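Values quoted throughout were computed directly from the atomic coordinates according to the rules given, and no laboratory measurement underlies them. Just so it is clear, the structure is predicted and the values come from calculations on it, not from any experiment. Heads up, the Cβs are rebuilt from the backbone with ideal geometry, glycines too, and the neighbour counts pull from every protein chain shown.
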Amino acid sequence: RLLHQSDKLILRHSGGKKYVIYLDFWNDGNGIYDRLAAELVRRHGSALGARLAADGRLKFGKVTALADRLEHKNRAVPYAQIASIRTQREEGAGSSMSYLMISTATGRICKIDRSTIVNEPLLLNFLSQRLPA
């Protein structure tokens, strides 16, 4: 499991061991994240379709992917309506938050706290295969 929180990554190995990587401590923190994300997608990305077919849903923390839509906080976003996906960082008094912003063709925006998304690279890979061209 890969969880992105603020400027750190929390990795949970299948054996239960937890690793915390503080990205700001490294010269190439973004590069480390990119390599871990690519490896996660390489190892598990192709199995997502089969898991969805078997279970009917894929859980990415507080985000659930179904065959035809994404669900977050009891709100449904059909894949056919997704116009764009981007990340946004908001700075506050001594803290910062990072969000995944999903815009629909109807102008609605679904704002998801990235720290609540488990295995975000897999979610983004899954969405890229289902979005309209």
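May I ask you to list the trypsin sites (Lys or Arg not before Pro) in region 65-121 that are in a DSSP loop and have at most 14 other Cβ atoms within 10 Å of their Cβ?
73, 108
Setting aside same-chain residues fewer than 8 positions from residue 17, which lysines have a Cα under 20 Å from its Cα?
8
Which entry in [x] 24, 20, 13; [y] 28, 17, 14; [z] 26, 16, 13 is this structure's computed semi-axes √(5λ) of the Cα gyration tensor in Å?
Here semi-axes √(5λ) of the Cα gyration tensor in Å agrees with entry [x].
Give the relative contact order (percent, whole number) for region 2-130; include only Cα pairs under 8 Å separated by 6+ residues.
24
Students often check this: by mean Cβ neighbours within 10 Å, which of 47-58, 15-26 ranks highest, and how do the rest follow?
With the highest mean Cβ count within 10 Å placed first, the list reads 47-58, 15-26.
Rounded to the nearest 20 Debye, what is the dipole magnitude of the chain about its Cα centre when Lys and Arg each give +1 and Asp and Glu each give -1 at the C-beta?
460
Of 18/59; 18/111; 59/111, which pairs sit farther than 26 Å apart, going by alpha carbon to alpha carbon?
18/111
Below 10 angstrom from the Cβ of residue 57, what's the summed charge of the other residues (Lys, Arg +1; Asp, Glu -1)?
Computed value for this residue: 0.
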